[in-house]
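Here the structure is laid out as structure tokens; the discussion comes afterwards.
The values are calculated or read from the model by the stated rules, or taken from the named source; none is laboratory data. Just so you know, these numbers come straight off a predicted model, no measurement behind them. Because the Cβ atoms are built from the backbone with ideal geometry, glycine has one as well, and the counts that use them run over all protein chains shown. Heads up: the accessible areas ignore ligands, DNA and RNA and are worked out on the full protein's heavy atoms, side chains in. Shrake-Rupley method; radii C 1.70, N 1.55, O 1.52, S 1.80 Å.
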Amino acid sequence: MSDCSPEEITKKSKSNLAFALYGLPKKRRTDMVTFYAFCRTVDDLADETKKPKKEREAELLRWKNGIENGFSSPNEIQLRIEDLINRHGIERELFIDLIRGMEMDLNGEAYETFDDLKLYCYRVASVVGLISLKLFGANFERSMDYAINLGYALQLTNIIRDLAEDHSLGRVYLPHEEIVSFGLSNNTLVESSGSKNFLELMKFQAERADIFYNIANEKLPPEDFRALKTARSMGKIYRSLLTKMKKDNFRVVEKRYRINSFKKIFLMIVS
């Protein structure tokens with residue numbers, strides 16, 4: 001996919017983020033498409049099982065070295081990412097942190113406590129928000145707190161929704177100590193779906209996500225309200241998804257939860 005243009009990568013994707021980008025002015029949309037293509041590229045390197053792990057590790061390392069020291073033979077995405085960094089004054093360490101999150105996926109990292117998981121959520125979601133602030137033109141310091149907490153909320157929602165799919169890949173993105181505290185284990189997590197213990201564990205995780213959605217909303221500075229329209233849309237779409245799972249008793253093992261396009265458009269309009 002890295003040989004595709006950023007526009008082609010975004011067009012092929014059916015993610016909620018790609019959908020939300022259509023609400024941006026043209027110039028900012030072009031920048032976000034570039035950034036989204038970078039996110040998809042490094043995420044695919046973490047998840048693409050058809051390529052040997054060592055090859056994907058080496059490619060992520062090349063991305064890190066390129067962002068730190070410059071790309072020797074940059075492709076289109078790398079050229080455009082370099083332009084984004086320079087034009088918007090984005091900290092290179094943020095891109096490095098995001099890649100470190102992808103490496104955590106690639107290495108099958110385990111999460112004993114929520115603090116362990118929180119670092120992962122920060123790298124793969126909150127950092128995306130922090131970079132996006134620059135691209136959205138959100139300049140107030142409080143917007144950083146908004147982006148960090150919204151990132152936690154979005155990633156926790158993803159973790160609940162994708163629990164069965166991740167488990168099939170040998171990945172468990174819930175704190176092990178919390179799984180055990182609800183009388184379950186990593187091995188029996190999926191097969192316990194529908195049980196009282198499983199439902200209580202899911203409710204606990206959903207309540208935590210709700211707390212972060214609430215904190216994010218409290219941190220949103222009025223001065224950046226318009227600039228953060230896309231981020232606010234993302235928050236509403238994913239919180240709607242979380243509510244849908246709650247009302248359906250978290251049947252995440254037997255079904256894939258989605259928000260239909262009409263509802264996404266409505267949520268974007270009212271954001």
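So here's what we get for this one:
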read-out	value
Whole-percent carbon and sulfur share, accessible surface of segment 114-245, 1.4 Å	51 percent
Where a label projected 7 Å from the Cα of K27 along Cα→Cβ would reach, residues of segment 190-224 with amide N under 19 Å	224
Förster-model FRET efficiency, 41 Å R0, S181 and I215, C-beta, rounded to 0.05	0.95
Solvent-accessible area per residue for the chain (1.4 angstrom probe, square angstrom)	49 Å²
Partners for K51 among aspartates and glutamates (Cα-Cα distance below 15 Å; same-chain residues under 8 apart left out)	D43, E59, E103, D105
Extension gain (nm, one decimal) between E207 and T243, 0.36 nm per residue minus Cα-Cα	11.9 nm
Probe 1.4 Å - accessible area at T188, Å² to nearest ten	50 Å²
Charge tally in the Cβ shell below 14 Å around N197, where Lys, Arg are +1 and Asp, Glu are -1, N197 excluded	-1
Value of Rg/Rh across segment 162-271 [Cα atoms, Kirkwood radius]	1.04
Segment 95-240: equivalent-ellipsoid semi-axes (sqrt of 5 x gyration tensor eigenvalues, Cα, Å)	29, 17, 11
